[in-house]
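First up is the structure itself, then whatever we jot down about it.
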Amino acid sequence: ASGQFKASGADVDVLSLDVASGNASFEGIVRESVQADAASGRIDVTCNLVCPKRFDADFASGTVMLSLPDTGKGFDVQVEKASGSFQSAYDLVDLGGGAYRYKEGAVEGGTSISASLMSGEFILQKTQ
C-alpha cells in the first residue's frame with residue numbers, strides 16, 4: 001500500500017501502477033497502454049523510444065509525471081481536475097474544457113492521454 005517501487009529498462013505492452021501512498025517509478029518502453037492510479041504520493045513514468053497508444057491516470061492527490069519522447073507523432077490530452085495543476089513541457093494547443101492537442105493529436109498512431117485528479121499535479125515532460 002505504501003513504500004517505493006522502481007523499474008527501469010523494461011519493455012512491456014501494458015503497465016499498470018496503483019499506489020495508495022508512497023512512490024512508484026518506471027523507465028522503459030510501453031507499447032500499448034499505461035494505467036496509473038494513486039490515492040496520494042508520486043508516480044513517475046518515463047517512456048523511451050516509443051509512446052504508448054494510451055495513458056490513463058486517476059489520482060486523488062500527489063503528483064503524476066509522464067515523460068514522453070517526441071517521436072514526431074502527436075497526442076491528445078484530456079485533464080479533469082477539481083483543483084490542482086497541469087503543466088506541460090510540450091507546446092500544446094488549448095482546445096478548451098480541459099482538452100489539449102500536440103501536433104495532429106492521437107490520429108495516425110499518436111497517443112491518447114487522460115488524467116483525472118482531485119488535487120495535486122499532472123506534469124507532462126519530454127523524455128531526454
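For the chain, rounded, prolate or oblate, judged on the Cα gyration tensor with a ≥ b ≥ c (square roots of eigenvalues), a/c < 1.5 rounded, else prolate if a/b > b/c?
Verdict is oblate for the chain.
In the Gaussian network model of the chain, springs joining C-alpha atoms below 10 Å, which of A24, A38, A82 carries the largest mean-square fluctuation?
Highest fluctuation among the options: A82.
For G41, what is the net charge nearby, where nearby means another residue's Cβ is under 15 Å from its Cβ and Lys, Arg count +1, Asp, Glu -1?
-3
So with the 1.4 Å probe, I'd like the accessible area per residue for the chain, rounded to whole Å².
49
For D58, D44, what's the largest-to-smallest order of accessible area, 1.4 Å probe?
Ranked list, largest accessible area first: D58, D44.
What number comes out for the charge environment of E32, summing +1 per Lys or Arg and -1 per Asp or Glu over other residues with Cβ under 9 Å away?
Local net charge: +2.
What full-extension length gain, to one decimal in nm, is calculated for Q128 and E108 as 0.36 nm per residue of separation minus the Cα-Cα distance?
4.9 nm
Return a whole-number percent for the relative contact order of the chain, with Cα pairs under 8 Å and 6 or more residues apart as the contact set.
23
Quantify, in whole percent, the carbon and sulfur part of the accessible surface of the chain (1.4 Å probe; protein heavy atoms only).
Taking all protein chains in place, the chain shows 46 percent carbon and sulfur surface.
The values are calculated or read from the model by the stated rules, or taken from the named source; none is laboratory data. Keep in mind that this is a model prediction, so the values were computed, not measured. All Cβ positions, even for glycine, are placed from backbone atoms using ideal geometry, and neighbour counts span all protein chains on display. Just the protein is used for accessible areas: all its heavy atoms, side chains included, with ligands, DNA and RNA removed. Shrake-Rupley method; radii C 1.70, N 1.55, O 1.52, S 1.80 Å.
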